[in-house]
Amino acid sequence: MPADPSPAAESNSLDIARLQRLQAALASAALLVTETDAQGVMTYINEAAYRYFGCAPEACLGKNVLELTHPADREHLQQQVRDWVQRGVRAAEITNRIVHPNGDTFTFLWAVTIHYDDQGHPLYFTSIGHDISQQEQLRKELQEKREMLYTVIDSLPVGVFWKDKESRFLGCNRRVLNDAGLSHFKEIIGKTDFDLPWHKKAPVYQHSDRAVMNTGPKLNIEETLTRGDGSVIWLRTAKLPLRRNGEVIGVLGFYEDITELHHQEEGLRTFRLLVENAPDGIGITDTDLAITYANPAFAAMLGYETLVGISWLDLLYPDDRAQLEALVRRPAQRGVDRTTLRYIRRDGSLITVQLSVPVLRSRNGRIVGYASINQDITEQLRAEQERQMLALQEQVIQAQQAILRELSTPLLPIAAGVVAMPLIGAIDSNRAQQVMETLLEGINRYRATIAILDITGVKVVDTQVAGALIRAAQAASLLGAQVVLTGISPEIAQTLVHIGIEFYDMVTKSTLQEGIAYALSRQRAPQQVNGRRVLASR
């Protein structure tokens, strides 16, 4: 009978069996197992070499591991190995790629064990590689999708951001980053609104975040935001709870810049306020002339509570409707048409307005309606008519006064070189001045040498009247004429003597007939001129 094996022999047999099973497992495993010396020369590789290197394991022995590594990864592998050895690292991981002769590329995650001698010098490397090509492909696809998603989000004309439950930023798009005055996304991650340019509004923003996470979405929030450059813009914000597996983990927000729209709305509100409170009647109609808007002044002007829905033409005086129709048929290409029209008020009375008709056009120039600006000029016209009547009355009065002036100071040529002015009624300073002007003008016009002033019709001659007569005589003498004063009654003669008036330069006669006779005799009487006898003439 054979002798029983010793315990040592049994132990060796077990070790050999285990080694064989391990080699068989390595040969059939999807793992790539290699062993290289300190210089990176391959000393062992399992059967997976067929799959990944396209050759038998024996063909790989003696090759440097860098030869089997993707060219783009070789420098990185060398740097890592040097770093591990310098730091005495015994176990490490690294990811790199290998290239099959047919061009296929595989990505491996390597678990590397470094064996050192007693002096700390590397002896050899044992590496076990796990093919993660499929995972890497999925990771790349996921990264591409993520990048595409970020590209889409960055291309949106709105700001997009998401925060955790503590209102710390987890991410955002480029619009939010620019508004924050930041350059890189990592600069905003982990920050709160208190750390950003809009920190003064942070309490309001975070209160809104908590409300959204607790109660649900909030839409159309109009608020301001201070940007990184200090400018303030208006936003319309929407916020939604950010959920994962049904659990709220934060808040997702969107906002659009409505600064220009806000300013336009402010301008429209101001314009509407001005229109609503304008004293003129302002209305808008469609192309069929149906009124779609009328300010309070327009409705009150015509005695209505509202004019909306009423035809514009129906409000006009019938005789004026054709004029408006002609305006809208041939609208002004530039400027605004203006005319004067009459409206029929609700109580039947008429008013007259100065009408302006701006044409309303769309962006492509198509007429979409008409505006009307109505200024009530009824009272103005009445005042103008009254003014014209007053002016006409004034002209009549002035004409009458001119006639009276002529009658009050009549100048009559009674013979060649002789004029007479019979005066009637009281003589004041204005009439005295008129007497002088008319007398002098007549002397000059008729080339008179004798002018008769008859005061038969003047009942009172005082110092003022006498002075006026004396001044008239003096002025006449400067023109070469002699003044004959006639018609002095006994009462006037006494008054003149009493007040001490003397007419040195005037001839006086008691009646107009005597004065005329005197004048005519003077005209026929010869006078000495340079020692010769001539008839008086001028």
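The values are calculated or read from the model by the stated rules, or taken from the named source; none is laboratory data. Bear in mind that the values here come from a model prediction, so they are computed numbers and not experimental data. Using ideal geometry, Cβ is built from the backbone for each residue, glycine included, and neighbour counts are taken over all protein chains shown. Heads up: the accessible areas ignore ligands, DNA and RNA and are worked out on the full protein's heavy atoms, side chains in. Shrake-Rupley method; radii C 1.70, N 1.55, O 1.52, S 1.80 Å.
What are the residues in region 74-105 that are of a type in the set (Asp, Glu) and either open to solvent by 80 Å² or more (accessible area, probe 1.4 Å) or under 15 Å from residue 133 (Cα atoms) (or both), if any?
Listed by number, the residues that qualify are 75, 93, 104.
Taking residue 381, is it within 27 Å of residue 460 (Cβ to Cβ), assigned to a helix (DSSP H, G or I) and modelled with pLDDT under 90?
In short, no.
Quick test of your reading of the structure: residue 143 fulfils all but one of (1) at pLDDT 90 or above; (2) open to solvent by 30 Å² or more (accessible area, probe 1.4 Å). Name the failing condition by number.
Only one criterion in (1) at pLDDT 90 or above; (2) open to solvent by 30 Å² or more (accessible area, probe 1.4 Å) is unmet by residue 143, namely (1).
Output the number of the condition that residue 379 fails; it satisfies all remaining conditions of (1) open to solvent by 60 Å² or more (accessible area, probe 1.4 Å); (2) of a type outside the set (Lys, Arg); (3) touching a helix residue (DSSP H, G or I) at 6+ places or on another chain (Cβ under 9 Å).
That leaves (3) as the condition not met.
With small (Gly, Ala, Ser) and either open to solvent by less than 60 Å² (accessible area, probe 1.4 Å) or modelled with pLDDT of 90 or more (or both) as the only criterion, which of 49, 3, 8 stands out?
So the residue among 49, 3, 8 that is small (Gly, Ala, Ser) and either open to solvent by less than 60 Å² (accessible area, probe 1.4 Å) or modelled with pLDDT of 90 or more (or both) is 49.
Can you find a residue that is modelled with pLDDT of 90 or more, at positive phi and either open to solvent by 50 Å² or more (accessible area, probe 1.4 Å) or out of contact with any strand residue (DSSP E or B) (no Cβ under 7 Å at 6 or more places or on another chain) (or both) anywhere in region 12-35?
Scanning region 12-35, I find no residue that is modelled with pLDDT of 90 or more, at positive phi and either open to solvent by 50 Å² or more (accessible area, probe 1.4 Å) or out of contact with any strand residue (DSSP E or B) (no Cβ under 7 Å at 6 or more places or on another chain) (or both), so the answer is no.
Under 8 Å between Cβ atoms, which residue pairs at least 6 apart in sequence (or on different chains) link something in region 33-57 that is free of Cβ contacts under 8 Å to residues at least 12 places away in the same chain with a partner that is open to solvent by less than 30 Å² (accessible area, probe 1.4 Å) and assigned to a loop (DSSP other than H, G, I, E, B)?
50/56
Outside any loop (DSSP other than H, G, I, E, B), aromatic (Phe, Trp, Tyr) and either open to solvent by 70 Å² or more (accessible area, probe 1.4 Å) or modelled with pLDDT of 95 or more (or both): is that true of residue 44 in this structure?
Judged against the criteria, residue 44 is a match.
Do you know which residues across region 301-317 are free of Cβ contacts under 8 Å to residues at least 60 places away in the same chain, part of a helix (DSSP H, G or I) and open to solvent by less than 70 Å² (accessible area, probe 1.4 Å)?
Matches in region 301-317: 302, 313, 315.
Would you list the strands (runs of 3 or more DSSP E) that sit entirely within region 429-538 and hold 1 or more residues that are modelled with pLDDT under 80 and touching a His at 6+ places or on another chain (Cβ under 8 Å)?
none
What's the total number of residues in region 329-375 that are surrounded by 15 or more Cβ atoms within 10 Å (Cβ to Cβ), under 14 Å from residue 284 (Cα atoms) and either at pLDDT 95 or above or not hydrophobic (A, V, I, L, M, F, W, C) (or both)?
Summing the residues that are surrounded by 15 or more Cβ atoms within 10 Å (Cβ to Cβ), under 14 Å from residue 284 (Cα atoms) and either at pLDDT 95 or above or not hydrophobic (A, V, I, L, M, F, W, C) (or both) in region 329-375 gives 6.
Say we look at region 164-218 and pick out the residues that are in a loop (DSSP other than H, G, I, E, B) and touching a Gly at 6+ places or on another chain (Cβ under 6 Å); which of these is least open to solvent (accessible area, probe 1.4 Å)?
180
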